[in-house]
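Worksheet: one structure, shown below.
The values are calculated or read from the model by the stated rules, or taken from the named source; none is laboratory data. Values in this document were obtained by computation on a predicted structure and should not be read as measured data. All Cβ positions, glycine included, derive from the backbone under ideal geometry; neighbour counts span all protein chains shown.
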Amino acid sequence: MRHPPVKMPPMPAAARRRFTLPAAWALALLGVAPQVHAEPVSYGLDLTHTFVHWEVLHMATSTSRGRFDKLEGTVSFDPKEKSLDIGITVATDSISTGSAPFDAVLKGASLLNTKEHPQAWFVARRATFEGEMPKQVHGEFTLRGVSQPLTLRATRWRCGLNPLFQREVCGGDFEATLKRSDFGMTLALPLVADEVKLLVQVEGIRGGVPQ
């Protein structure tokens with residue numbers, strides 16, 4: 001389950017003065033400017049280029065594939081501070097395989113149970129970098145009301161100017177695997193594999209998508 005952020009109580013004004021003024025004077029006497037860290041840049045998801053696909057082996061013969069068509073979320077990125085935060089909300093009833101009968105089974109109570117759990121979430125606040133490039137994003141995936149740790153592995157990541165919007169765009173492709181039984185989905189095991197591969201395509205526009 002998602003937990004609300006913990007807020008620290010505000011420091012009293014007198015305590016703030018006692019804490020900050022001597023430090024500022026000391027830095028001034030030494031000729032040292034206090035270090036200021038820039039905030040990570042926020043990118044609104046471009047929903048025409050952001051999708052979650054999945055794959056699962058069916059009866060050890062072929063791979064069933066599908067995707068979720070409705071998502072929303074944000075990405076914040078700071079290569080200097082080596083931070084990459086991702087928050088994605090998925091509408092579970094937007095699952096699409098190209099087969100309406102199969103979609104109905106997937107939405108049913110034994111699998112996604114979309115009536116009782118219309119949304120799934122992935123929230124990540126920690127990343128592993130190589131240089132200024134993210135390689136792994138560590139977070140938590142919540143599905144059917146069950147939360148499990150999940151790590152996305154970056155297969156590519158790039159930032160550049162989008163000539164259409166004239167804004168900076170960052171995006172990449174990520175992979176992860178999970179066991180559907182960890183989320184209470186045991187229908188057709190072991191004929192249909194327990195392990196599900198996720199392919200996450202993320203693209204964010206700095207400052208949000210232009211209206």
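Listing for the model above:
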| quantity | calculated |
| --- | --- |
| Selected residue [more than 17 Å from L199 (Cα to Cα), surrounded by 15 or more Cβ atoms within 10 Å (Cβ to Cβ) and over 10 Å from the mean Cα position of the chain (by Cα)] from D85, D93 | D93 |
| Restricting the range 89-125 to residues that are in contact with a Pro (Cβ under 7 Å, 6 or more places away or on another chain) and not β-branched (V, I, T), the residue that is farthest from D46 (Cα to Cα) | D93 |
| Qualifying residue in the range 179-193 (condition: in a strand (DSSP E or B) and closer than 17 Å to S64 by Cβ) | yes |
| Flag for A109 being within 26 Å of M59 (Cβ to Cβ), modelled with pLDDT of 95 or more, among the aliphatic types (A, V, I, L, M) and loosely packed, with under 14 Cβ neighbours inside 10 Å | yes |
| One residue from L71, L45 being without any contact (Cβ under 8 Å) to a residue 40 or more places away in the chain, under 14 Å from the mean Cα position of the chain (by Cα) and surrounded by 16 or more Cβ atoms within 10 Å (Cβ to Cβ) | L71 |
| Qualifying residue in the range 159-178 (condition: more than 12 Å from the chain's Cα centre (by Cα), more than 19 Å from H49 (Cα to Cα), at pLDDT 95 or above and not in a helix (DSSP H, G or I)) | yes |
| Selection from the range 161-174 of residues that are loosely packed, with under 14 Cβ neighbours inside 10 Å, more than 24 Å from E39 (Cβ to Cβ) and not aliphatic (A, V, I, L, M) | P163 |
| Given (1) within 19 Å of the chain's Cα centre (by Cα); (2) at pLDDT 95 or above, index of the condition S76 fails | (2) |
| Some residue of the range 197-204 being surrounded by fewer than 16 Cβ atoms within 10 Å (Cβ to Cβ), within 14 Å of the chain's Cα centre (by Cα) and within 30 Å of F102 (Cβ to Cβ) | yes |
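For (1) under 23 Å from A193 (Cα atoms); (2) in a strand (DSSP E or B), each residue gets a yes or a no:
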site: W54; (1), (2): yes, yes
site: T63; (1), (2): yes, yes
site: R67; (1), (2): yes, yes
site: G73; (1), (2): no, yes
site: G98; (1), (2): yes, no
site: L111; (1), (2): yes, no
site: K115; (1), (2): no, no
site: T128; (1), (2): no, yes
site: H138; (1), (2): no, yes
